[in-house]
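Trainee: Here it is, the structure, as structure tokens.
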Amino acid sequence: MRTLTLTHRIDGDGPPLILLNGGLMSITAWDPFIPALSQRRRVIRCDFRGQLRSSGPHPTSFDEHARDVVDLMDSLGIETAHWVGVSFGALVSMVAAARHRDRVSQLTVITATERTDERMRREAAEGRELAESAAAGGEGGAEMVRRIFAQTWSEQWLARQPAGFLEARMQQVAALPREFFAGSAAILALLEDLDFTPFLGDITAPTLVIGGADDRVFPPGHSRAIADLIPGATLEIIEGTGHGLLFERAERVLELLA
């Protein structure tokens, strides 16, 4: 019998809204969104197993991650909710919307892909190897973080940040404990063989797909493919931003969620 509960936080009251992290995120990354969202929603955010605050054996499938979130809903007495996922969290949310349709009342997919192509799979494998090195006490962590951050932020947004912003963020993440990198390796491994095209058509929840016009991780054509595959989905491509659009264009994301 499953008893694991993900580390989570709850803010506000109202219809439940679940926020799901990207691969290198943790629940505190959502802090800027909470004041606005919690005014009208019961906002639940959690770390996946393998992220900073949730322990336990690392899932070996997206179905396991989706089941973890459904189990969290059960523990909180939540029957159905609006799921909002970014990047890795968006992938988990799509699996949940297809496999656990009665638990997802609405779906918002931010900077995701319907499948990984050869380039994505190669980069995921390289990142996994670096994370495994860091988890074993090696020096791969800094290089893994550098590669991911280099693709996450748009040049326009980085130009507006304080001097040394990127280097400081890289150092912060690279200094995290070995367990974090072991979890990152498990998350990256799931991208090495990903194809959701056979079941995205099973999603029945009203769906909004948000992509960045300059996304280098999951280019906007993949957001369009998701919207084409999910019946009735709405697509919003935000100009002048990349994979980090959740933070680069936070005000626009809040407008769309509202």
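Trainee: Of all residues in the stretch 1-33, count the ones that are polar (S, T, N, Q), in contact (Cβ under 8 Å) with a residue 60 or more places away in the chain and surrounded by fewer than 21 Cβ atoms within 10 Å (Cβ to Cβ).
Mentor: The first filter runs over the stretch 1-33 and keeps only residues polar (S, T, N, Q), leaving 3, 5, 7, 21, 26, 28.
If we keep only those that are in contact (Cβ under 8 Å) with a residue 60 or more places away in the chain too, we end up with 5, 21.
Checking the rest, the ones that are also surrounded by fewer than 21 Cβ atoms within 10 Å (Cβ to Cβ) come to 5.
Summing the residues that are polar (S, T, N, Q), in contact (Cβ under 8 Å) with a residue 60 or more places away in the chain and surrounded by fewer than 21 Cβ atoms within 10 Å (Cβ to Cβ) in the stretch 1-33 gives 1.
Trainee: So which of ALA36, ALA96, ALA90 is surrounded by 24 or more Cβ atoms within 10 Å (Cβ to Cβ), in contact with a helix residue (DSSP H, G or I) (Cβ under 6 Å, 6 or more places away or on another chain) and among the small types (Gly, Ala, Ser)? Break it down stepwise before answering.
Mentor: Details: ALA36 fails: surrounded by 24 or more Cβ atoms within 10 Å (Cβ to Cβ); ALA90 fails: in contact with a helix residue (DSSP H, G or I) (Cβ under 6 Å, 6 or more places away or on another chain).
Going through ALA36, ALA96, ALA90 in turn, the sole match is ALA96.
Trainee: Looking at (1) in the same structural domain as VAL43 (by TED's automatic domain parsing); (2) assigned to a helix (DSSP H, G or I); (3) aliphatic (A, V, I, L, M); (4) surrounded by fewer than 20 Cβ atoms within 10 Å (Cβ to Cβ), can you tell me which one ALA182 breaks?
Mentor: (1)
Trainee: Being assigned to a loop (DSSP other than H, G, I, E, B), among the aliphatic types (A, V, I, L, M) and crowded, with 16+ Cβ neighbours inside 10 Å is the filter here; which residues of the stretch 200-258 pass it? Spell out the reasoning first.
Mentor: Of the residues in the stretch 200-258, the ones assigned to a loop (DSSP other than H, G, I, E, B) are 203-206, 213-219, 230-233, 239-244, 249, 258.
Remaining after also requiring among the aliphatic types (A, V, I, L, M): 203, 205, 213, 217, 230, 233, 258.
Listed by number, the residues that qualify are ILE203, ALA205, VAL217, ILE230, ALA233.
Trainee: Okay, moving on. Would you point out the residue of the stretch 100-119, among those that are more than 16 Å from the chain's Cα centre (by Cα) and touching a residue at least 40 places away in the same chain (Cβ under 8 Å), that is farthest from LEU245 (Cα to Cα)? I'd like the intermediate steps shown before the answer.
Mentor: Applying the first criterion (more than 16 Å from the chain's Cα centre (by Cα)) to the stretch 100-119 yields 100-106, 117-119.
From the residues that got through so far, the ones that are touching a residue at least 40 places away in the same chain (Cβ under 8 Å) too are 101, 104-106.
Working: ARG101: 27, VAL104: 24, SER105: 24, GLN106: 21 Å.
The residue in question is ARG101.
Trainee: Of the conditions (1) closer than 24 Å to VAL173 by Cβ; (2) in the same structural domain as ARG45 (by TED's automatic domain parsing); (3) of a type in the set (A, V, I, L, M), ALA136 satisfies every one except a single condition; which number is it?
Mentor: Condition (2) is where ALA136 drops out.
Trainee: Something else about it: Collect the residues in the stretch 130-172 that are in contact (Cβ under 8 Å) with a residue 60 or more places away in the chain and crowded, with 20+ Cβ neighbours inside 10 Å, keeping them in residue-number order. Break it down into steps so the answer makes sense when it comes.
Mentor: So in the stretch 130-172, the residues in contact (Cβ under 8 Å) with a residue 60 or more places away in the chain come out as 145, 148, 151-154, 156-157.
Answer for the stretch 130-172, where residues must be in contact (Cβ under 8 Å) with a residue 60 or more places away in the chain and crowded, with 20+ Cβ neighbours inside 10 Å: VAL145, ILE148, THR152, TRP153, SER154.
One line per residue, one yes/no per condition, for (1) in a helix (DSSP H, G or I); (2) among the charged types (D, E, K, R); (3) closer than 29 Å to ALA185 by Cβ:
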{"position": "PRO32", "(1), (2), (3)": "yes, no, yes"}
{"position": "ARG40", "(1), (2), (3)": "no, yes, no"}
{"position": "THR60", "(1), (2), (3)": "no, no, yes"}
{"position": "ASP63", "(1), (2), (3)": "yes, yes, yes"}
{"position": "ALA66", "(1), (2), (3)": "yes, no, yes"}
{"position": "ASP71", "(1), (2), (3)": "yes, yes, yes"}
{"position": "ALA90", "(1), (2), (3)": "yes, no, yes"}
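The values are calculated or read from the model by the stated rules, or taken from the named source; none is laboratory data. Bear in mind that the values here come from a model prediction, so they are computed numbers and not experimental data. Backbone-built Cβ (ideal geometry, glycine too); neighbour counts: all protein chains shown.
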